[in-house]
Amino acid sequence: MDDKQDMNRFQTYEEIPLFLDAKGIVQILGVSLTTAYNMLRDPAFPAVKIGRKRLVRKEKLFEWLQERETDVKAAQESYYSINPFKKKTWSNFL
């Protein structure tokens, strides 16, 4: 990442605007602009449409991310409990 991108990123939670558009999501998450637009159009994403703009409240973005993190952990735990030998750990080779 170059210095110009670093300057565009928010340093603290308080610096993040109350509502974020696609460019704000790019700055926070480091995803592509296309990915940010796709997120905003996804019915499962907590976006609001105001006129032609789609926005997400910063609190809702972080809540959504936390839910996704929990879902991934639960799916991994479920998968590895069903398939214990699929988990790649050194203990499997000892």
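The values are calculated or read from the model by the stated rules, or taken from the named source; none is laboratory data. Not measured: the values here are computed from a predicted model. Cβ placement follows ideal geometry from the backbone for every residue including glycine, while neighbour counts extend to all protein chains displayed.
Summary of computed values
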{"quantity": "Matching helices (runs of 4 or more DSSP H) fully within the chain where at least 2 residues are modelled with pLDDT of 95 or more", "calculated": "22-29, 33-41, 58-82"}
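One line per residue, one yes/no per condition, for (1) of a type in the set (D, E, K, R); (2) surrounded by 12 or more Cβ atoms within 10 Å (Cβ to Cβ):
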{"position": "ILE28", "(1), (2)": "no, yes"}
{"position": "THR34", "(1), (2)": "no, no"}
{"position": "PRO43", "(1), (2)": "no, no"}
{"position": "ALA47", "(1), (2)": "no, yes"}
{"position": "VAL56", "(1), (2)": "no, yes"}
{"position": "LYS60", "(1), (2)": "yes, yes"}
